[in-house]
Each structure stands twice: as C-alpha cells, then as structure tokens.
Amino acid sequence: MVIDSHHHFWKYNKTDFGWISDEMLAIRRSFSPEDLKITIEGSGVDGVVTVQARQSLKETEWLLKLAGENDFMLGVTGWLPLIDEDAEKHIEKYSSDEKLKAIRHVIQDEEDDYFILRKDFNRGVGLLKKYDLLYEILIFEKHLPQTIDFVDRHPDQVFVLDHIAKPLIKENIIFTWKQNIAELAKRDNVFCKVSGMVTEADFNSWTPEQLKPYFDVVLEAFGPERLMFGSDWPVCLVAAEYGTWLETVKGFIAGLSDDEQKMIMGANAQKVYGI
C-alpha cells in the first residue's frame, strides 16, 4: 500500500483558521474527504492518515466520524487535553475508536518555547502508551533541544516527528538543525514524516534541488525504516500541487532499493499506525 501519512480536513472559518494568511489564499476554503478522493485518484495512493488542525474535542470527534464513513481514511491523529487532570478519562473514551491512532498538540503555537517540558503535559503524554496511542510532535526547529529532552522522558512511547521539525529551508540554513536531528534520531522510538517541506521554503521559488539536502539529512539520521511520506495537503497547495510533492518525494527516494522505497511510501505507516 501507498499511504499518505499526513493531511487535513477542515470547514473554513476566520476564527479557527486565522493562520491562513493572504499569501495562502489557495487554502482559504473548506476541504472534505470528497475533495481528497478526487485529488488522489490515479495517484497510486491507497489510504491516508488524517491529522487534526484544531485543538478541540469536537475536531477529534468530527475526524473520527469522517473516518467511520470513509474507508480510505485508515487512521486519525486527534487532539485531547493532555494537560487536564482528567486527561485519562478523555484518552480512555476516545481510544475505544479503532481509527484513533495518535494524539497531537500544536507545540509550535505555544508562547512558551518550553511547553513540551511542562510537568502536566508530560503526565498526559505518559498515559498514551497504556492505550496504544502514538504521540505526534509538531514543532519548529528551535524546539528540537527541548524535544530531545522530552523524548528521553518517555523511552517506551512511540513518537512521530511531523514535517522534519520545520527547518529554515527558505533561508537555506541547515547546520544546527542537522545536528539536532541526528541527535534526536538516535532514539529508535522516534519516526519522522517527510512532509511540510515546500511550505518551509519560498512558496513560489522552491526547487527539489533546494529541498534534497534536508531530505538527505533525515534519510541518513532515521534510515528508510523510520521515514514516512506525507503530503500535508491541503496546506501544501500554497506551494505545490499534491502530485508535484508526491513525485518530488519519489524522486528523492529513487536511488533506494524497492523495499526501502516501499517502507517510506507506506509500509512504515502501516506498521507504526497499526493499519
């Protein structure tokens, strides 16, 4: 199977999606499962993992409802209030849905750069393994040192790093990010999504040649055994069509063996998400 391990759906409104700026007009609208079905038709993509875009229980419930209605939605990464004293009640309730595979908190939007090390947050994350749930890490490059500390606090928890930790691709800066990625990848309980790269570059002038050194870093660090293809659709549309990004990733991995390519394009997602 070819699996897109990272995409979103949303019903657009200005309040919840204020981050969609004027230069991102292409995605200032609603996106549904029907839209994605049309997008991936003929692409060879067999299924998808749907990731939360808003931090609310209603969002998680909505995505699980959609997953129950659409067989190609193989799993959901939702949001739950992990810092709440009653976090386990929520985890227990929603984990009963077999389509819920992971939990994510939007660390990158927290004003506190050390939010990921908060005691209450770590207490919540520490509950996930009991319910066989992954935790997805959404950060900027600047959060990597804290994230390494965070992961070390949970050696038995499986983590998935989104968007290769959003390096400063637009500025062609790589050195410090590369060092921190190499250190994080020493933890074999961390997997990494090859996603979100075009939107960290210049929307209008990025090239595969500009992105390739960043891909090479995560390939060397994680190996093909811990990388997963993700589109970040529809966010990617501000910089690239779905098929353009899919073919770009295929180009990056063309020199690998057939088995290694299959790992990145779907087998790893099947294994990690249990789908």
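Hey, among the residues in segment 62-84 that are of a type outside the set (A, V, I, L, M) and part of a helix (DSSP H, G or I), which one's surrounded by the most Cβ atoms within 10 Å (Cβ to Cβ)?
It comes out as W62.
Just to be sure before I move on: is T176 part of a helix (DSSP H, G or I) and at pLDDT 95 or above in the structure I sent? Even if it seems obvious, please write down each step before you answer.
Values: part of a helix (DSSP H, G or I): yes; at pLDDT 95 or above: yes.
When the stated conditions are applied, T176 passes them.
Listed by first and then second residue, the pairs linking a residue in segment 156-182 that is farther than 16 Å from S5 by Cβ to a residue that is among the charged types (D, E, K, R) and modelled with pLDDT of 95 or more, with Cβ atoms under 6 Å apart and 6 or more places separating them unless they lie on different chains, are D156/K129; Q157/K129; K166/E141; K166/E200; P167/E141; I169/E200; K170/D202; W177/E141. Out of all the residues in segment 98-107, is one or more over 15 Å from the mean Cα position of the chain (by Cα) and in contact (Cβ under 8 Å) with a residue 24 or more places away in the chain? Yes, segment 98-107 has at least one match.
Tally time: how many residues in segment 233-275 are farther than 29 Å from N204 by Cβ and not in a helix (DSSP H, G or I)?
Here the count works out to 4.
For F31, state whether it is touching a helix residue (DSSP H, G or I) at 6+ places or on another chain (Cβ under 7 Å), farther than 23 Å from Q157 by Cβ, surrounded by 19 or more Cβ atoms within 10 Å (Cβ to Cβ) and modelled with pLDDT of 95 or more. No; evaluated as a whole, the condition is false for this residue.
Looking only at segment 199-225, which residues are touching an Asp or Glu at 6+ places or on another chain (Cβ under 8 Å) and crowded, with 21+ Cβ neighbours inside 10 Å? Result: T199, single match.
The values are calculated or read from the model by the stated rules, or taken from the named source; none is laboratory data. In this text the structure is predicted, and so the values were computed from the model without any measurement. Backbone-built Cβ (ideal geometry, glycine too); neighbour counts: all protein chains shown.
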